[in-house]
1. What does the extension gain come out to for A:VAL33 and A:ALA48, with contour length at 0.36 nm per residue minus their alpha carbon separation?
2. Over the alpha-carbon set of the range A:35-259, work out the extent along each principal axis and list the three values in angstrom, largest first.
3. Total Å² of accessible surface buried at the B-A contact, 1.4 Å probe, nearest 100?
4. Return one whole number: the accessible area per residue of the range A:35-259 in Å², for a 1.4 Å probe.
5. Within 10 Å of each Cβ in A:161-167, how many Cβ atoms from other chains are there, averaged over the peptide?
6. Please work out the Cα convex hull volume for chain B and give it in Å³ per residue.
7. Estimate the FRET efficiency between B:LEU107 and B:VAL35 by the formula 1/(1 + (r/R0)^6), using the beta-carbon distance for r and 22 Å for R0, to the nearest 0.05.
8. Mind checking the mean number of beta-carbon atoms from other chains within 10 Å of the Cβ atoms in B:139-149?
Amino acid sequence: MTPDTSTPRQAGSPASSPSAGRWRLDPAGTASVGSRVLGLVTLVGIAAFLLVALVASPPDSGRDASINQMGEAVRIMYLHVPVAIVCFLAFFVTAASGAMYLWRKSEGWDLLAAASAEVGVVFTALTLATGSIWGRFAWGAWWVWDARLTTTALLLILFLGYLALRRAITDPVARAKRAAIAGLIGFADVPIVHYSVDWWRSLHQKATITRFNPTIDGLKLFALMFGMVVFLLVYAWLMVHRFRLQYVQARAEERGLDAAIAERRAEGSSGVASPLAGTGAAR
Amino acid sequence: MLHDALLVVGKDLRLEWRSRVTTNQVMPFAVLVLVLFAFALDPDRRILQEATPGLFWMAVLFSALLAIQRAFVLESHDGVRDALRLSGLDPAGIFLGKAAGIAVHLLAVELVLGVGVTLFYGAHVGGPLLLIVTCLAATAGLAAAGSLYGVLAAGLRLRETLLPLLLLPVVAPVLIAATQAFQAGFRQASGEGWRWFGLLAIFALIYTSIGIFAFDPLMEES
C-alpha cells in the first residue's frame, strides 16, 4: 500500500505543495495549507478575543450592571460559555458520527467520532475549571451540586470511559463498532442525568445558577458572541489535526502489518522451514 | 425473540443453580458491604437509618458490577460467543435473556439486602408497594444498561477495570431516582416517590430498546 494513492481529505495535494516554498508540507504530516490558514486565523482571533474580553468590554458594575453584579469576574463568562457550548457540540458530533458509522460503516465517521471525543474531553475539563472559578466568585464555593455542573462532570467521566474503551480494543472494526454504540449510549444518558439531578436538587434548594442575564448590553454581548466564533475555530482546527493524526495512525498500523506479513513470506520462501526460525523472527 | 430470550435466561439460571456463584459469593458480598458501611459511618442507628436508601442502592450497584462481569465471563470462555452467534438465536433475544438473567440475580440480592437493612439499620417499611415497584424498575434499568456495557467490554483484556468506569456514570440516574423513591417509601409519604419511579421506568425502557437494536451489530463482530 502506498500512502500517496490514498490522498486524505485534509492533506495538501502533493502537486501544489512543492512550489509553495516554506508552505511545503509533509504528506504524512497532519497539517495542510488550509489548516495552516485556519490556524493563523484562529490565533489572530484569540488575540482579538482576549483584547475584547479583558480590556475593551466594561466590568459588570455601576449603572448598567446585570443583576448579579459580577464586577471584573464577569469576564470569565466570555470564556466559560463558548467553551461549554463547544464541549456539548463536540459530544453531539461524537454521537452523531457514531450513528453515521453504524449506518455507513466507513472509517472516516469513526475517526471523526474519536477526534471529537478527544477534543470534547479537553473542552469539558475547561468548562468545569472555568465554571468552578466563576462559582467561587458568584456563590462563594468551588462546587455546587447543581444540575448543569453535575451533568457536565458526569459527561466528562462518560467520555473518558469512551476513550478508555477505544484504547482497550485493538481491532479497528471492532473498536469502531463498540465505540459508536458506547458513544450513543453515553449521549442518550445526558438528558436523563440532567433531569434526575435537577429534580434531586430542587427538593432541597432553589436552582443556584441565576441564568446569564439576557438583557446583557452591547460590548458584553459582542465579547460573548465573538468568543463563540473563536472557540468554534479552535475546535475546528484541533479537529482537523486530530482527525488527520488518527488517519495517519491507522495507515501506519496497516503498513506495519503488511510489512510483517511480507517479512514472514520472505522468510518462508528463503527455504528456512524450521518453526524455530519463524518464532525467533517474530520476537 | 421472546422464545430465544427464555432459552438464554433458562441457560443462565441453570448455570447459576449448578455453580451457585451469586448465592455463595455475590450475596455475602452485598451483606458485607452493608456491614462495612456501618463501620465507615457510625454504629449510631440514626445516621444509618437516614442513609439507608442510598447505602442500599450503593450495595446493589456494587453487586450488579459483579453479576454483570460474571454473566459475560460465562460467554467469553471456549468460544461461547461464537457458538451463540452460530446458534441462530435472535441477537435481541440474547440481549433480553442476558438482561433478564442479571435482573433475576439482582432481585435476589435486593431481597437479601432488604432483610439486611431492616435487621442492621433498623429500616422501617412505610409504603411496600412503592418499594417493590422501585426495585423492579431500577433492576430492569440496571440489567439493561449492564448487559449493554457487559457485552461492550466482553472479551477485552481490560474488562474488569473498564466495566465500572463505563457503567457507573450511566446508571447514576438510577442511583438518584431509586434512592429518592426509597426515601419516600420508607417515609410513607410516597407521593414524591412515584415521580422517581416514572424516571426509573423511562430509563429501563430507553436502555432496553437501545439494547434490542444494538446487540445485532455487537454480536456480529468477531
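1. Between A:VAL33 and A:ALA48, full extension yields 3.1 nm more.
2. Principal-axis extents of the Cα atoms in the range A:35-259, largest first: 70, 47, 26 Å.
3. Values: alone 10910 and 16250 Å², together 24540 Å².
Result for this pair: about 2600 Å² buried.
4. Numbers: 10550 Å² over 225 residues.
Per-residue value: 47 Å².
5. Working: counts 11, 2, 0, 5, 8, 0, 2.
Rounded to a whole number, the mean comes out at 4.
6. Working: hull volume 25.2 nm³, N = 222.
So the per-residue Cα hull volume is 113 Å³.
7. Numbers: r = 21 Å, r/R0 = 0.98.
Efficiency, from the Cβ-Cβ distance: 0.55.
8. Details: counts 0, 0, 1, 0, 0, 0, 2, 0, 0, 3, 5.
Per residue, the average neighbour count from other chains is 1.
The values are calculated or read from the model by the stated rules, or taken from the named source; none is laboratory data. Because the structure is predicted, anything quoted here is derived from the model rather than measured. Every residue, glycine among them, receives a Cβ derived from its backbone with ideal geometry; neighbour counts consider all protein chains shown. Note: areas computed on protein heavy atoms with side chains; ligands, DNA, RNA excluded. Shrake-Rupley method; radii C 1.70, N 1.55, O 1.52, S 1.80 Å.
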